[in-house]
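The values are calculated or read from the model by the stated rules, or taken from the named source; none is laboratory data. Just so it is clear, the model here is predicted, and its values are computed rather than measured. For neighbour counting, all protein chains shown are included, and Cβ atoms are generated from backbone atoms with ideal geometry for every residue, glycine included. Side chains are part of the model used for accessible areas, which takes the heavy atoms of the whole protein and leaves out ligands, DNA and RNA. Shrake-Rupley method; radii C 1.70, N 1.55, O 1.52, S 1.80 Å.
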Amino acid sequence: LRYQRRVRAFSSFVDMVRGPRKHLKRLNAPRHWMLDKLAGKWAPRPSPGPHKLRESLPLVVLLRNRLKYALTRREVISIVAQKLIKVDAKVRTDPNYPAGIMDVVSVPKTNENFRLIYDVKGRFNVHRITPEEAKFKLLKVRKVFTSPKGVPVAVTHDGRTIRYPDPLISANDTLKFDLSEKKVTDYVKFDTGNLVLVTGGHNIGRVGVVEKKEKHPGSFDIIHVKDSAGHSFATRVSNVFVIGKGTKSLVTLPKRKGVRSSALEDRNRRLGAVTATEAK
């Protein structure tokens, strides 16, 4: 019996993975990347970075599958190697660099700027923005604490640590961050009446105004949100990102402005578009 235990322990030790995993199979890739499953066995695994693997979009997928700047991965490698792609006003040469929510992707050679933001189906929308809007991004405050040397620090959703933030800033607030000067220019409190974007859960991608907040000690705090179409829904506090004061958004939103339609409304919209095309 003792010998069997030793053999079992040794076999489990041999099967353990050594070091970080470097591969990702296409069937295990996040669905919102929208990779066709018959185009190969493997998917690009995002490098360690400011966003989680399942909450990010690697540059190779962004440039090849979404923006169509390249046909193959090798072409993407040559594009980023020439330092033609900037993320948050910083050149990125890693084809697997993980871009995430609110990141600004710039292509100076074509004077194009894009912001990554969720659509109402939970997929990353590569939203085209103006050069003026590309100068800043929004940061969600994850936590505020005092460092061991007595310096107040705010940690944001993309891994930034901002020293000496405004004393009124607390967790779940949103900061307006200037990308060229690398400093906070404004902030929005997480209060009722402000506009929020849902970044997780069943209602991901929806936009609405906070109606009320509920505290549940020992469980998840809940907020109730109402969108511009009058539909109300509830989600966890950790799933929302404040994007505006009142009903005015600080960033431009994709086509449907974060309003989710029912399956019947989607069908009628498609039929109307087909009818209009046939009439022409």
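Filtering the range 102-118 to residues that are in contact (Cβ under 8 Å) with a residue 40 or more places away in the chain and part of a loop (DSSP other than H, G, I, E, B) leaves 102, 103.
Residues in the range 230-253: is at least one farther than 30 Å from residue 186 by Cβ, touching a residue at least 60 places away in the same chain (Cβ under 8 Å) and surrounded by 10 or more Cβ atoms within 10 Å (Cβ to Cβ)? Scanning the range 230-253 turns up no residue that is farther than 30 Å from residue 186 by Cβ, touching a residue at least 60 places away in the same chain (Cβ under 8 Å) and surrounded by 10 or more Cβ atoms within 10 Å (Cβ to Cβ). Looking at 123, 128, just one residue is touching a His at 6+ places or on another chain (Cβ under 8 Å) and open to solvent by 70 Å² or more (accessible area, probe 1.4 Å), and that residue is 123.
Looking only at the range 17-35, which residues are assigned to a loop (DSSP other than H, G, I, E, B) and either touching a residue at least 12 places away in the same chain (Cβ under 8 Å) or open to solvent by less than 90 Å² (accessible area, probe 1.4 Å) (or both)? If you could, list the steps in order and put the result at the bottom.
Step one: list which residues in the range 17-35 are assigned to a loop (DSSP other than H, G, I, E, B), which gives 17-23, 29-30, 34-35.
Selection gives 17, 19, 20, 21, 22, 23, 29, 30, 34, 35.
In the range 90-101, the residues that are closer than 20 Å to residue 180 by Cβ and of a type in the set (D, E, K, R) reach residues that are crowded, with 20+ Cβ neighbours inside 10 Å and modelled with pLDDT of 95 or more with C-beta atoms within less than 8 angstrom, at least six apart or across chains, in these pairs: 92/59; 92/80; 92/85.
Condition test on residue 59, is it surrounded by fewer than 19 Cβ atoms within 10 Å (Cβ to Cβ), modelled with pLDDT of 95 or more, of a type outside the set (Phe, Trp, Tyr) and within 20 Å of residue 128 (Cα to Cα)? Show your work before the answer.
On the way: surrounded by fewer than 19 Cβ atoms within 10 Å (Cβ to Cβ): no; modelled with pLDDT of 95 or more: yes; of a type outside the set (Phe, Trp, Tyr): yes; within 20 Å of residue 128 (Cα to Cα): yes.
Against the criterion (surrounded by fewer than 19 Cβ atoms within 10 Å (Cβ to Cβ), modelled with pLDDT of 95 or more, of a type outside the set (Phe, Trp, Tyr) and within 20 Å of residue 128 (Cα to Cα)), residue 59 does not qualify.
Among the residues making up the range 239-264, those that are in a helix (DSSP H, G or I) and either within 19 Å of residue 198 (Cβ to Cβ) or among the small types (Gly, Ala, Ser) (or both) are 239, 263. For the range 143-182, enumerate the residues that are open to solvent by less than 20 Å² (accessible area, probe 1.4 Å) and either without any contact (Cβ under 8 Å) to a residue 12 or more places away in the chain or acidic (Asp, Glu) (or both). Result: 158, 173.
Checking the stated criteria, residue 220 turns out not to satisfy the condition of being surrounded by 13 or more Cβ atoms within 10 Å (Cβ to Cβ) and aromatic (Phe, Trp, Tyr).
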